[in-house]
Amino acid sequence: MALAAQACEGQFYRPVLDRNPVHPNGWPVRVIVASQTEARHNRALWAPTHLISTRAPATRLLSMIELPPERHLELHFGDAVDPEAPDAARAEAIEATFAFIDRLPEHAHLLIHCLRGIGRSTALTLGILARYMAPEQAAAALHALRPEAKPNRQVVGLCDTALGLKGRLARQALRFPAKTWKG
């Protein structure tokens, strides 16, 4: 799978892949990764067709994008990096994310965001990318999407385990944040 060409000016959802025969519907990983504040402020402009929202238990999504439940996956876990923390991400959240991704139609415009920062949203995005490319390529693609990414190490570790990557994805997450990407 070849990485897609440079984004056209004004194109918000640049496909990461030219073709994606691995995805059940051929979705070319057309995604924006953001914080909740960015998502709220740009919701009309970005107009996603599908949404993944991550927030800690007992927090609320404020004036977010209205989408039918089948097009909006809400995940409830905190930004904890300790797997024993009560609000830490669990394997079930990663399984739900991957199942949601598998249902996306080819034309989907996915917005992934999290409340309070970008750690969980960039970690989920890194895991999603690693389903379709090597961990090194996934990290480079995430850097192109979100140069200031700070992937939550607990979430990346869960994605790494779910994908059977034996720590390769987790090692790539240690390279963030990076002003320039050295591949």
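If you go through segment 114-133 one residue at a time, do you hit one that is open to solvent by less than 60 Å² (accessible area, probe 1.4 Å) and among the basic types (Lys, Arg)? Yes, there is a match, as at least one residue in segment 114-133 is open to solvent by less than 60 Å² (accessible area, probe 1.4 Å) and among the basic types (Lys, Arg). List pairs: first in segment 86-112 and closer than 9 Å to Leu158 by Cβ, second of a type in the set (Ser, Thr, Tyr) and surrounded by 14 or more Cβ atoms within 10 Å (Cβ to Cβ), Cβ under 7 Å, 6+ apart or cross-chain? Sorted first by the residue in segment 86-112, then by its partner, the list stays empty. For segment 24-130, the helices (runs of 4 or more DSSP H) that sit wholly inside it and include 3 or more residues that are under 30 Å from Arg168 (Cβ atoms) and among the β-branched types (Val, Ile, Thr) are 91-102, 119-130.
Go through Ala141, Ala149 for me and flag whichever is part of a loop (DSSP other than H, G, I, E, B) and in contact with a strand residue (DSSP E or B) (Cβ under 9 Å, 6 or more places away or on another chain).
Values: Ala141 fails: part of a loop (DSSP other than H, G, I, E, B).
Result of the check over Ala141, Ala149: Ala149.
Residues in segment 134-147 that are open to solvent by 60 Å² or more (accessible area, probe 1.4 Å) and touching a helix residue (DSSP H, G or I) at 6+ places or on another chain (Cβ under 9 Å) were compared, and the one that is farthest from Val33 (Cα to Cα) is Glu136.
Candidates are the residues of segment 61-89 that are under 13 Å from His113 (Cα atoms) and modelled with pLDDT under 90; the one that is most open to solvent (accessible area, probe 1.4 Å) is Leu62. Of all the numbered requirements in (1) under 22 Å from Pro177 (Cα atoms); (2) under 12 Å from the mean Cα position of the chain (by Cα); (3) open to solvent by 10 Å² or more (accessible area, probe 1.4 Å), Val155 misses one, and that requirement is (3).
Scanning segment 20-48 for residues that are surrounded by fewer than 20 Cβ atoms within 10 Å (Cβ to Cβ), at pLDDT 95 or above and among the β-branched types (Val, Ile, Thr) returns a single hit, Val22.
The values are calculated or read from the model by the stated rules, or taken from the named source; none is laboratory data. Quantities reported herein were computed from a predicted structural model and do not represent experimental measurements. FYI the Cβ positions are ideal-geometry reconstructions off the backbone, even for glycines, and counts take in every protein chain you see. Just so you know, the surface numbers come from the protein's heavy atoms only, side chains and all, with ligands and any DNA or RNA stripped out. Shrake-Rupley method; radii C 1.70, N 1.55, O 1.52, S 1.80 Å.
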